[in-house]
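To start, the structure itself, in structure tokens.
The values are calculated or read from the model by the stated rules, or taken from the named source; none is laboratory data. Everything quoted here is computed from the prediction, not taken from an experiment. No Cβ is skipped: glycine too gets one built from the backbone with ideal geometry, and neighbour counts run over all protein chains shown. Accessible surface is based on the protein model in full, side chains and every heavy atom, while ligands, DNA and RNA are left aside. Shrake-Rupley method; radii C 1.70, N 1.55, O 1.52, S 1.80 Å.
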Amino acid sequence: MCQQVTALCDSVQVPQSEGSQRVLIAKLEKIVKGLYGRGVRLERFGSSVCEFSTIHSDLDLTILLDDPKSGKHAVVLTAAEKHEILKKLSKSFRFQHGMRSYAVLGARVPVIKLQDPQTGLSADVTIQNDLPIYKS
């Protein structure tokens, strides 16, 4: 029984330090801003924000494009534009930055699945997907 309790406790410990998460977010934000300019930001959502993550959890991020005139999140993208941006970013993450990365464009919410060898963290990156931010 004691071993089962210990195994359960080990499985719910957060393996990713805030520092590692910040390093990965800063790295991804720098890449995205390099391609799409200063009006871009990454926001966390999901289990890592709500502190429900486990040792198997990934980092959930969405790319938000702010309107340069108002500075607010107001840019509206078509599905085709989102797909093109995610394809371009996935290729950049993989070929120019050495991450394992692939775009899942057929999903209900298109996403880039990636793993960063430097931090060892996995992440799901979406674009203009702000509803989960408010739910987290």
When only residues in region 87-124 that are over 12 Å from the mean Cα position of the chain (by Cα) and of a type in the set (Val, Ile, Thr) count, which is modelled with the lowest pLDDT?
Thr119
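Going by the conditions given, is Asp130 of a type outside the set (Lys, Arg), open to solvent by less than 50 Å² (accessible area, probe 1.4 Å), over 15 Å from the mean Cα position of the chain (by Cα) and at pLDDT below 80?
Judged against the criteria, Asp130 is not a match.
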With the condition kept exactly as written, say whether any residue in region 41-53 is at pLDDT 90 or above, of a type outside the set (Asp, Glu) and either exposed (fewer than 12 other Cβ atoms within 10 Å of the Cβ) or within 17 Å of Val23 (Cβ to Cβ) (or both).
no
